[in-house]
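These notes are about the structure you will find just below.
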Amino acid sequence: MFLMLVSHKYKFIFVKTKKSASTTVEDYFTRFCVPHAYKSTHAHDELITEHGIVGRRIRGKYVSKQRFNVKTTLAQIKKHLGNDKFNEYRKFTVIRNPFDRALSLFYFTKNIEAANRELLGHRLHCEFLKKHSDMDDISLFRKWITKLSPDAFSDKKAYLINNKPAIDFYIKYENLIDSIQECCEYLGVPFYPDEVGNFKNHYREAKIYKDFYTQSEINIIKKACKFECETFGYDI
């Protein structure tokens, strides 16, 4: 899911990734893309002004035919902005160990409120998890992971254009606050640590994700997330 931000004032582009605290990151950097004081919010309408672009989040409204939202890819942003702006603006996103992220996606899908399941459609097999809710989590995870498309685990469209890296800075989930601060310094924007929120952290208790994997599941994630594993050295 690729929600996006563009700041014309600070000349940056942010593309959101799945289950990587990127809602927290997106919420923080939104303040630099809007013409008014920003108040943190879980959902908001698409906003397009001379200051920048803020994609629609959750159940917000669209205001343009472009429909900037969670499915907007880096290539689509480039097409909209044009080569000159795209190449000039600094591009960043959030990266997370894909083995840990897959487990986070599992619990998010398993425990998401019924009213929001329609947002996921059949892509994440919510009904399968609901039907087999009597199984223990480890067994259920191992069955569920075989049902998903590799695209469910990889965020390649947020990192790559024509299979080539197109991101300038990666915020690391594993060191989130310090990494956000480093990103602020890179972009030339202020860092306000008290303004960094904490979204969607209630779907699972802390788990040792390695306990959920056999070699079969490891191979699925390594294949789906080859770029992440090779580029950032992520492993089980």
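Go through region 24-52 residue by residue and tally those that are open to solvent by 10 Å² or more (accessible area, probe 1.4 Å) and of a type in the set (Val, Ile, Thr).
Looking only at that region, the number is 4.
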Please go through region 192-219 and give me each residue that is among the β-branched types (Val, Ile, Thr), over 23 Å from Phe29 (Cβ atoms) and at pLDDT below 95, ordered by number. Ile208
Looking at this structure, is Ile161 among the β-branched types (Val, Ile, Thr), open to solvent by less than 80 Å² (accessible area, probe 1.4 Å) and at pLDDT below 95? yes
Tell me, which strands (runs of 3 or more DSSP E) lie completely within region 1-100 with 1 or more residues that are farther than 29 Å from Asn163 by Cβ and touching a His at 6+ places or on another chain (Cβ under 6 Å)? none
Would you confirm whether any residue within region 178-188 is in contact (Cβ under 8 Å) with a residue 24 or more places away in the chain and farther than 22 Å from Tyr89 by Cα? no
Does Arg59 satisfy the condition of being within 30 Å of Asp211 (Cβ to Cβ) and either at pLDDT below 90 or not small (Gly, Ala, Ser) (or both)? no
Close pairs (8 angstrom Cβ cut-off, 6 or more residues apart or separate chains): small (Gly, Ala, Ser) in region 26-45, buried (at least 20 other Cβ atoms within 10 Å of the Cβ) anywhere: Ser40/Asp27; Ala43/Arg57
Test each condition in (1) touching an Asp or Glu at 6+ places or on another chain (Cβ under 9 Å); (2) open to solvent by 10 Å² or more (accessible area, probe 1.4 Å) for Leu3 and report the one that comes out false. (2)
Check region 88-106 and report whether any residue there is touching a residue at least 40 places away in the same chain (Cβ under 8 Å) and open to solvent by 60 Å² or more (accessible area, probe 1.4 Å). yes
For region 126-146 the number of residues that are surrounded by 11 or more Cβ atoms within 10 Å (Cβ to Cβ) and either farther than 16 Å from Phe99 by Cα or not basic (Lys, Arg) (or both) is 13
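The values are calculated or read from the model by the stated rules, or taken from the named source; none is laboratory data. None of the values given here were measured: they were computed from a predicted structure. Positions of Cβ are backbone-derived with ideal geometry, glycine not excepted, and every protein chain shown enters the neighbour counts. With ligands, DNA and RNA removed, areas are computed over all heavy atoms of the protein, side chains included. Shrake-Rupley method; radii C 1.70, N 1.55, O 1.52, S 1.80 Å.
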